Amino acid sequence: MCGIVAYLGERQAYPILINGLYRLEYRGYDSAGIAIINGNLNLYKRKGKVSDLEEFVKGKDIKGTIGIAHTRWATHGEPTDENAHPHFSQSHNLSIIHNGIIENYKTLKEELIRRGYVFNSQTDTEVLIHLIEDIMKNEEVDLIEAVRIALNQVVGAYAIAVIAKDNRDLMIAARKGSPLVVGIGKDEFLVASDATPIVEHTKKVIYLEDEEMAILRRGKEIELKTIKNINITPYIQELEISLDALEKGGFDHFMLKEIFEQPHSVSESMRGRLYPQKGIVTLGGIFNYEQKILNARRIIMIACGTSWHAALVGEYLLEELMRVPVEVEYASEFRYRNPVIYEDDVVIAISQSGETADTLAAIKMAKSKGATVLGICNVVGSSIARETHAGSYTHAGPEIGVASTKAFTAQVTVLTMMAIRLAFVKGTISNTEHQLFLDELGKIPAKIEEALLTNDLVEKIADVYKNARNFLYLGRGINFPVALEGALKLKEISYIHAEGYPAAEMKHGPIALIDEEMPVVVIAPRKGNYEKVVSNIEEVKARKGKIIAVVTKGDSQVRYLADYIIEIPETDEIFTPLLATVPLQLLAYHIAVKRNCNVDQPRNLAKSVTVE
Ligand code: G6P
């Protein structure tokens, strides 16, 4: 949600910043802007994509070795040129980029207006830069001190970078609630919302903690302190992501690349954890918490979006294998409804980005009530990964497409390993079952590879149904969340209305929608309530609905009922979500492409939702 990138060093800032904006564009793409000091403080911003900004600055003065840049996902004020970042202070001496929300901006704004400040945008951010300038003037302090004082007056979340026209050697960055990383290169600094714009320049980074400020001076070492003025010793970490992971690698879209990466990403999730031949599955990150989980009164999973669907699969897995009560909650609901949480509850937070504001807030609340909180995150070093007591990374690699694909299957893989391991230690599955599960899990990457072979067929099906106005997705048991996820993918990127339903629940409402126009996607693998799903398919057919069924290879019954069948390899029921999800991702992708939708950057969405 909004991406920020900034540069201070020996090289020209513009190429680094514009390239950084492209890398961050998945975080927000309704407007973009850049400010660079070259004697003047030159500021250019535009409604639209980064490419519109690039076009706009052609022929303008973009020289300079210090600059800040921003790609926006609107919260306060529509996407317009004026509301785009960076923002100037009243005198045009200072400029700021900001990701987050200043919650008390109205009060601050009223006060500033009273003092003669004029606002050019509807953003909460402009309040902050006027406030900083006001403090500099009235309290006669330097920029660093003014930023520090201002941040003490602000309620809300921020990741900011500030520069001043008369000092091309200084940049100040700070964070609270929104992520911020500082890259340390040779005689240069980069500041960004995440490591993606940094990795091609340096692998050495510092992740700022909440209420920390970085003071970056040309040719000097980084200085870190809190907004309460306590000095901090910088902790420099080495990035592990590679540049290749951030490129499209010959695919038309990041989403397609990420769908096709799943045999690899799922293997990566298992690497160093699953050893079928030795009869071992273990998650090192939560090893010390195993007894805590086994003794838990219940497990509560919290997440948003696609991660919430992974949690629903996790609920099925943990209850089925471990025989423990599991509740799955939307983080946004959980945090605001004063839930009953016991000290012997274990909360598992699931998040691709590790930055989702609602999930983060729910974690803090659960911790404050004494629960043990574990995380399943994809982004290493993210806020959620750091806020939880322990956890397991999904290791799917950077996911750039806004619609989550490989992160979902990696989350489900981690949950599957967790369920098998804990059930084994608890004794709720036998040694034989344990070994069978490990053997089968080891074969899943190859089976995903096979599921991907349905791509051409799925593209043909997409062509047939690309103009449908509604879609229904049905599944039962562990594949009900897969139906939800299939429907979400289609909604997100093709803007076709789609609903996921438990197949049996269809007759309590959605059945009224079914006519000859209505495509119904049914997940009907041979294992798990197969006969029941077949009956549900009959019900759809009786009302002339069109059936697209995901079935197990060699299926004998559904093929005679369905308009189209998509075959996935045979596997144990608990692993079917890892295979059945794949053709549904492809279906959403191809329909969106055929409808000329922007697959990687669907309208109104953002990859990392750092506002509540
Ligand atoms: C946004 C993204 C979704 C994602 C959700 C939760 O809505 O567009 O793809 O599932 O946030 O994000 P998280 O990073 O916490 O998994």
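Couple of notes before you dig in:
- From the list D563, D515, D572, the one residue that fits, being surrounded by fewer than 21 Cβ atoms within 10 Å (Cβ to Cβ), more than 16 Å from the ligand (Cβ to nearest atom), under 31 Å from the mean Cα position of the chain (by Cα) and at negative phi, is D572.
- Selection count, the stretch 200-217, where residues are charged (D, E, K, R) and open to solvent by less than 50 Å² (accessible area, probe 1.4 Å): 1
- Residues of the stretch 539-549 include at least one that is open to solvent by 20 Å² or more (accessible area, probe 1.4 Å), part of a loop (DSSP other than H, G, I, E, B) and away from the ligand (no atom under 16 Å from the Cβ).
- Counted residues, the stretch 490-538 - those being without any contact (Cβ under 8 Å) to a residue 12 or more places away in the chain, hydrophobic (A, V, I, L, M, F, W, C) and not in a helix (DSSP H, G or I): 0
- Scanning the stretch 326-360 for residues being farther than 29 Å from V582 by Cα and away from the ligand (no atom under 16 Å from the Cβ) gives a total of 11.
- Only listed residue being more than 16 Å from the ligand (Cβ to nearest atom), within 18 Å of N378 (Cα to Cα) and either small (G, A, S) or in contact with a Phe, Trp or Tyr (Cβ under 6 Å, 6 or more places away or on another chain) (or both), chosen from G305, G279, G285, G314: G285
- Test for I363: is it within 19 Å of the chain's Cα centre (by Cα), closer than 21 Å to L180 by Cα, within 16 Å of the ligand (Cβ to nearest atom) and at pLDDT 95 or above: yes
- Looking across the stretch 260-277 at every residue that is of a type outside the set (A, V, I, L, M, F, W, C) and not in a helix (DSSP H, G or I), the one that is most open to solvent (accessible area, probe 1.4 Å) is identified as R271.
- Selection of helices (runs of 4 or more DSSP H) fully inside the stretch 278-351 by the criterion of at least 2 residues being open to solvent by 60 Å² or more (accessible area, probe 1.4 Å) and of a type in the set (D, E, K, R) returns 305-322.
- Within the stretch 366-377, tally of residues that are without any contact (Cβ under 8 Å) to a residue 60 or more places away in the chain and more than 16 Å from the ligand (Cβ to nearest atom): 4
- Some residue of the stretch 504-511 being aliphatic (A, V, I, L, M), farther than 17 Å from Q585 by Cα, out of contact with any strand residue (DSSP E or B) (no Cβ under 8 Å at 6 or more places or on another chain) and surrounded by fewer than 17 Cβ atoms within 10 Å (Cβ to Cβ): yes
- Candidates H395, H389: the one that is away from the ligand (no atom under 12 Å from the Cβ), under 20 Å from P263 (Cβ atoms) and surrounded by fewer than 22 Cβ atoms within 10 Å (Cβ to Cβ) is H395.
The values are calculated or read from the model by the stated rules, or taken from the named source; none is laboratory data. If you're wondering where the values come from, they're calculated on a predicted model, not measured in any experiment. Virtual Cβ from ideal backbone geometry, glycine too; neighbours counted across all protein chains shown. Remember, those area values only see protein heavy atoms, side chains included, never the ligands or the DNA or RNA. Shrake-Rupley method; radii C 1.70, N 1.55, O 1.52, S 1.80 Å.
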